[in-house]
Amino acid sequence: MIVDGRVAVTARTWHIATGDHPPTTGEEHTPPPPLPARLATQPFYPGLDDWGYGRSIEWRFTRGGFDSLGAADVWARVRLPLVAGVALTGQDRALILADSANGLSLSLPLTQWFSIPPTMTATLLRPPAEEWVHLACRTYLAEDGVGLARADLSDLDGLIGEVAQPLLVQKREPDNGVS
């Protein structure tokens, strides 16, 4: 994407041609917990009730939540098409949800700290079999304002991939209008 003559967003993708089935599947993956029942109302980050992206996805936490800091595990499904009139593929759903890893596992209060991911790297073994994707999200912070958010992505059939997001972590200015 080019804005005012400058590159603003770059996306790259690789598609690896598949071949014969290898004789092993590699390391075992612990399956995610079952999908919890739907909540009557979906809570969001304190003070962020009108959050368009958040409302476009159904969230069902199995660990943590929008009201707590740290690691979070959640089943999620995209409720709206990214482009009106165009059906989402499984890969689309997984990548839209993968971009949530950093926000789901915030280590510092959103009202006091920025946690900005300038890029995202997602690697998928396969698209999810259904519309629900489980994200097991963790954030790690260094002493110099750099961090890393990462998540394993699974469905009911097992691991589908992982995502990593480097983070710029900075304290918000006190008068920035966020309370």
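Taking region 9-52 only, how many residues are assigned to a loop (DSSP other than H, G, I, E, B), more than 18 Å from W132 (Cα to Cα) and not polar (S, T, N, Q)?
If we filter region 9-52 for residues that are assigned to a loop (DSSP other than H, G, I, E, B), which is where we start, we get 9-51.
Checking the rest, the ones that are also more than 18 Å from W132 (Cα to Cα) come to 9-28, 40-41, 43-51.
Checking the rest, the ones that are also not polar (S, T, N, Q) come to 9, 11-12, 14-17, 19-23, 26-28, 40, 43-51.
Going through region 9-52 one residue at a time, the tally reaches 25.
For region 65-79, check the following and say yes or no: at least one residue is assigned to a helix (DSSP H, G or I) and either at negative phi or not polar (S, T, N, Q) (or both). Among the residues of region 65-79, not one is assigned to a helix (DSSP H, G or I) and either at negative phi or not polar (S, T, N, Q) (or both), which makes the answer no.
I'd like the full set of residues that are of a type in the set (A, V, I, L, M, F, W, C) and under 11 Å from V163 (Cα atoms), limited to region 97-122. Let's see the steps before the verdict.
So in region 97-122, the residues of a type in the set (A, V, I, L, M, F, W, C) come out as 97-98, 101, 104, 106, 108, 110, 113-114, 116, 120, 122.
Once the filter is applied, which keeps residues that are of a type in the set (A, V, I, L, M, F, W, C) and under 11 Å from V163 (Cα atoms), region 97-122 yields L97, A98, A101, M120, A122.
Evaluating W75 against the criteria (1) within 19 Å of R138 (Cβ to Cβ); (2) modelled with pLDDT under 90; (3) not small (G, A, S) leaves one unmet condition, (2). The residues of region 78-91 that are in contact (Cβ under 8 Å) with a residue 12 or more places away in the chain and surrounded by fewer than 17 Cβ atoms within 10 Å (Cβ to Cβ), listed by number, are R79, L80, L82, T89, Q91. Consider region 19-44. How many of its residues are modelled with pLDDT of 75 or more and among the hydroxyl-bearing types (S, T, Y)? Count: 1.
The set of residues in region 7-66 that are exposed (fewer than 13 other Cβ atoms within 10 Å of the Cβ), under 19 Å from I96 (Cβ atoms) and among the charged types (D, E, K, R) contains only R12. Do you know which residues across region 108-134 are under 19 Å from W59 (Cα atoms) and either among the aromatic types (F, W, Y) or touching a Phe, Trp or Tyr at 6+ places or on another chain (Cβ under 8 Å) (or both)? The answer is L110, W132, V133, H134. With respect to W14, determine if the residue is farther than 29 Å from D144 by Cα, more than 14 Å from the chain's Cα centre (by Cα) and aromatic (F, W, Y). For W14, the condition - farther than 29 Å from D144 by Cα, more than 14 Å from the chain's Cα centre (by Cα) and aromatic (F, W, Y) - is met.
State yes or no: is L148 of a type outside the set (V, I, T), over 12 Å from L97 (Cβ atoms) and without any contact (Cβ under 8 Å) to a residue 24 or more places away in the chain? When the stated conditions are applied, L148 passes them.
The values are calculated or read from the model by the stated rules, or taken from the named source; none is laboratory data. Source: prediction; values computed, not measured. Here the Cβ is made from the backbone with ideal geometry for all residues, glycine too, and neighbour counts use every protein chain on show.
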